[in-house]
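Please read the structure below before turning to the comments.
Coordinate-derived values only; no laboratory data. Remember, predicted model here, so these are calculated numbers, not experimental data. Because the Cβ atoms are built from the backbone with ideal geometry, glycine has one as well, and the counts that use them run over all protein chains shown.
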Amino acid sequence: MRYVRLDTPKPISKIGLGTWQFGSREWGYGPEYERRAAEIVRRALDLGVTLFDTAELYGFGRSERILGAALGDDRGKVVVASKIFPLLPVAPVVQQRAVASAARLGVDGIDLYQVHQANPVVADTTTMRGMRSLQDVGLVGEVGVSNYGLRRWRFAEAALGRRVLSNQVRYSMIDRGPEEDLIPYAEQAGRIVIAYSPLAQGFLSGRYDATNPPAGAVRRANPYFLPENLERGTALIATLREVADAHDATPSQIALAYVLRHPNVVAIPGASGVEQMERNAAAAEIDLTDDEYAALVAAARAFRPVTGLAAVPRMVRARLGR
Ligand SMILES: NC(=O)c1ccc[n+]([C@@H]2O[C@H](COP(=O)([O-])OP(=O)(O)OC[C@H]3O[C@@H](n4cnc5c(N)ncnc54)[C@H](OP(=O)(O)O)[C@@H]3O)[C@@H](O)[C@H]2O)c1
């Protein structure tokens, strides 16, 4: 395992574990998955993973409970990251919700407490006042944000009066927006970009195609899995396979190596089984050559999926099986 080179109290592994899948029916993994989830966490610990990401929203608290129980006595050794869903993120609410999350996780302190997304109405001034008081009493270690643009991230830092260590955003080969400003800022200021959906929810694994889309509500709502987009992704997946073969690796591992190339980026892929966790952890060791990286960038740029409003009628048709 590799770790980010930053002055954090505990090392942060380049590959973390995302746990939205835990206790969340919408992934369609069934009741058996809860036991597997605990095995995934234990295996991740064995492999040197130190970053475990959850949120109060995931399974309405079930993900936090499953993660906390699976970590057991190892909770204090790793970076437990959770998120507040900012329905009314004024200071007293932030404080209450952190206490509730810590109780579900079974921890005395949340190592990284993140604002799940920017609230369009409530300013970060009051949210960060709540965060600061949580840090002052030791219930929260580092503060983070999620789905923030650069301006608002920096505003949140000014409001907190301390570093907002991380911004958790969608970042993968086919969602490269963070490369424009968030990643350069993280590198220059000593912050971290946490890449969520780094496998584009499994699209980049190459496991799915137009005749074999994934099950579950989450991915039915993701336009990348429209038959047309799976078809359009064929050349990109072929490039991933080519690079993967040279490393005796899988397309998913190469997709992770792509985002991890930036020193201040960590990725938190979810996993449906222990073997995926093992492969994802191993991806932290893969170094892409400049030529390989350039080939991946070119293939990713050439991929033109149907997204946004244009995707809506197609998704309705796919849902109706037409
Ligand atoms: N802050 C936010 O707003 C936000 C939003 C979304 C996610 N997140 C966080 O980010 C985490 C990861 O994002 P995500 O779950 O949306 O997407 P992801 O990590 O890109 O995709 C996860 C899925 O990819 C497949 N997969 C994982 N490893 C694989 C491997 N080695 N080989 C083949 N397939 C593999 C699995 O599905 P199958 O095996 O079923 O194909 C798995 O459930 C979440 O768990 C959550 O913690 C945060």
Query - Two-decimal Rg to Rh for the range 1-145 - Kirkwood Rh, Cα set - result: 0.97
Query raised in the report: Treating the beta-carbon of each Lys and Arg as +1 and of each Asp and Glu as -1, no other charges, what is the dipole magnitude of the chain about its Cα centre, to the nearest 20 debye?
Result: 1080 debye
Requested in this report: Post the alpha-carbon centroid distance, the range 74-138 to the range 196-265, in whole angstrom.
Outcome: 32 Å
Query - Calculated diffusion of the range 99-246, Stokes-Einstein form, Kirkwood radius summed over Cα pairs, 25 °C and 0.890 mPa s, µm²/s - result: 140 µm²/s
Requested in this report: At a Cα cut-off below 18 Å, give the aspartates and glutamates reachable from residue 77, other chains included and same-chain residues fewer than 8 away excluded.
Outcome: 7, 39, 46, 53, 64, 108, 111, 142
Report task. Please report, in whole Å, how far the alpha carbons of the chain spread along each principal axis, starting with the longest. Result -> 52, 44, 38
**Report entry** FRET efficiency, residue 46 to residue 108 (Cβ-Cβ, R0 22 Å, nearest 0.05)
**Finding:** 0.35
Query - Dipole magnitude (debye, nearest 20) for the range 14-94, charges at Cβ of Lys, Arg, Asp, Glu - result: 60 debye
Query raised in the report: How many percent of DSSP beta bridges within the chain run antiparallel, rounded to 5?
Result: 10 percent
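Nearest 500 deg cm²/dmol is fine: what mean residue ellipticity at 222 nm does the chain get from its DSSP H runs of n ≥ 4 alone, each adding -39,500 (n - 2.57), divided by its residue count? Numbers along the way, then the final one.
Details: 13 runs with 136 residues, N = 322.
Using -39500 (n - 2.57) per qualifying helix, the result is -12500 deg cm²/dmol.
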